[in-house]
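The values are calculated or read from the model by the stated rules, or taken from the named source; none is laboratory data. Since this is a predicted model, take the numbers as computed values, not measurements. Positions of Cβ are generated from backbone atoms using ideal geometry, with glycine treated the same way; all protein chains shown enter the neighbour counts. These area figures cover heavy atoms from the full protein model, side chains too; ligands, DNA and RNA do not enter into them. Shrake-Rupley method; radii C 1.70, N 1.55, O 1.52, S 1.80 Å.
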Amino acid sequence: MDFRDELPVDHRLAQVYRVGAGLCGAALLVFGCLGLADGLAFFSTSGQPIAGLSTNGLLSLISILTALVLIVGAVIGGNVASSVNIIVGTLFVLSGFVNLTLLDSGANFLSFRIPNVIFSFVMGLLIATFGMYGRVSSKLPHDNPYWRSRHPQALPDEPVPTTQPAAAGRLLKPLT
């Protein structure tokens, strides 16, 4: 069983995944290119400020490579973009924790400072949220393709309940 076979490919949420990956990838690409254009030392642990964040040549290169992964995911789109967003977002959050422990040590090869750690947490959560949007929840609507792929026992002839806009103060009710 291939994981990709379990995921629906024809859903309108694919644009959310693409836009999220593309925007975050573009921001990282700009940051990385600015760092490399400044000619920063590759393994400097003191770093130089670029766009309010401390960086060196290695962090700039990693930012560019990460941006390219996100942009390729955005170009491919669909479930690939969603999965790439979730994985990269998780790696960003983990990087924030790892680099938080390495602050003010000789092993801080990416020249992280507290603003970098905060940026890593925020960017990671943002990217992961773009990837999980409409895909991970216990209350997905029945017309959501991820809900359908998780509930194959639902009859194909069974009408799929949809929701209508709620009047002020009322809960959403299925159309009948």
For 62, 86, 76, what's the largest-to-smallest order of accessible area, 1.4 Å probe?
76, 62, 86
Note: probe point = Cα of residue 41 + 7 Å toward Cβ; backbone nitrogen < 18 Å; residues of the stretch 86-120 passing the test are 103-113
Could you calculate the contour length gain from residue 107 to residue 121, that is, 0.36 nm times the residue separation minus the distance between their Cα atoms, to one decimal place in nm?
3.0 nm
